[in-house]
1. Give all pairs with beta carbons closer than 9 Å in which a residue from the stretch 141-156 that is acidic (Asp, Glu) meets a residue that is exposed (fewer than 13 other Cβ atoms within 10 Å of the Cβ) and not in a helix (DSSP H, G or I); count only pairs at least 6 apart in sequence or on separate chains.
2. Provide a single number: the residues in the stretch 119-153 that are in a helix (DSSP H, G or I), under 20 Å from Lys31 (Cα atoms) and open to solvent by 90 Å² or more (accessible area, probe 1.4 Å).
3. Only one of Glu134, Glu138 is at negative phi, at pLDDT below 95 and acidic (Asp, Glu). Can you tell me which?
4. Looking at the stretch 164-185, I want the residues that are open to solvent by 30 Å² or more (accessible area, probe 1.4 Å) and have a partner that is of a type in the set (A, V, I, L, M) with Cβ atoms under 7 Å, at least 6 apart or on another chain. Which pairs are those?
5. Based on this model, can you work out whether Val135 counts as more than 19 Å from Ile39 (Cβ to Cβ) and aliphatic (A, V, I, L, M)?
6. Which residue is nearest to Phe17 (Cα to Cα), if the candidates are limited to the stretch 32-87 and must be in contact with a strand residue (DSSP E or B) (Cβ under 7 Å, 6 or more places away or on another chain), surrounded by 15 or more Cβ atoms within 10 Å (Cβ to Cβ) and of a type in the set (D, E, K, R)?
Amino acid sequence: MKNNKVIGVVHGRFQPFHIGHLDYVLTALNKCDFLYIGIANPDPSLTKPHKTNHLIAKSTSNPFTYYERLTMIKKTLIYSGINENRFEIVPFPINFPQYIKYYVPINSIFFITIYDNWGYAKKEILRKQGFKIEVLEEGNKNLKIAEGTKIRELMINGMKWKNFVPNPVFEYITDKKLIKLRLKK
């Protein structure tokens with residue numbers, strides 16, 4: 001890659017990858033030449049609660065594996081017409097921020113959205129690591145297009161959730177029977 005290209009980074013747990021996440025990724029892609037998509041809580045050893053949000057570390061909040069989430073994201077972006085040479089999907093240890101520099105270039109622009117105290121905490125975590133941050137959207141949690149917690153609840157309760165995720169995610173989760181494997185009570 002040429003040195004003058006803008007490199008961006010987004011991150012999230014993507015449990016599952018939903019339409020709000022897709023909007024976040026596409027907005028960031030429009031602001032850079034290449035985007036690293038970081039998957040937070042990539043495995044249980046890199047997962048822990050934060051004082052602003054204890055639920056993010058619960059196993060019920062993290063039912064899909066790193067590989068499953070990577071597959072959901074990749075299938076969705078390709079389906080959306082994004083060329084694979086525009087992005088890379090990597091682990092993103094937000095709970096161990098000193099290790100982030102091993103997964104993405106440190107001179108990247110870290111694009112974030114902020115809807116709650118956890119969003120502000122992540123901004124501060126990244127700032128303390130010396131990363132350049134650009135806030136794409138900031139506001140009340142009610143502004144979110146979709147929310148993983150609500151989608152997982154719909155899945156668990158056998159209610160309709162298809163409209164909250166891109167088609168490739170719905171097909172992947174249903175084809176692999178991931179709801180029965182991970183989410184049923």
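The values are calculated or read from the model by the stated rules, or taken from the named source; none is laboratory data. These figures come from a predicted structure and were not determined experimentally. Glycine also receives a Cβ, built like all others from the backbone with ideal geometry; neighbour counts cover every protein chain displayed. For the accessible areas, the whole protein counts, side chains as well, though only heavy atoms, and no ligand, DNA or RNA atoms are used. Shrake-Rupley method; radii C 1.70, N 1.55, O 1.52, S 1.80 Å.
1. Taking only residues 6 or more apart or on different chains, the pairs are Glu153/Met159.
2. Result for the stretch 119-153: 1.
3. On the way: Glu134 fails: at pLDDT below 95.
Just one listed residue meets the conditions, Glu138.
4. Partner pairs satisfying both residue conditions: Phe164/Ile19; Phe164/Ala146; Phe164/Ile151; Lys184/Ile156; Lys185/Ile156.
5. Yes: the conditions hold for Val135.
6. For the stretch 32-87, the residue satisfying everything is Arg69.
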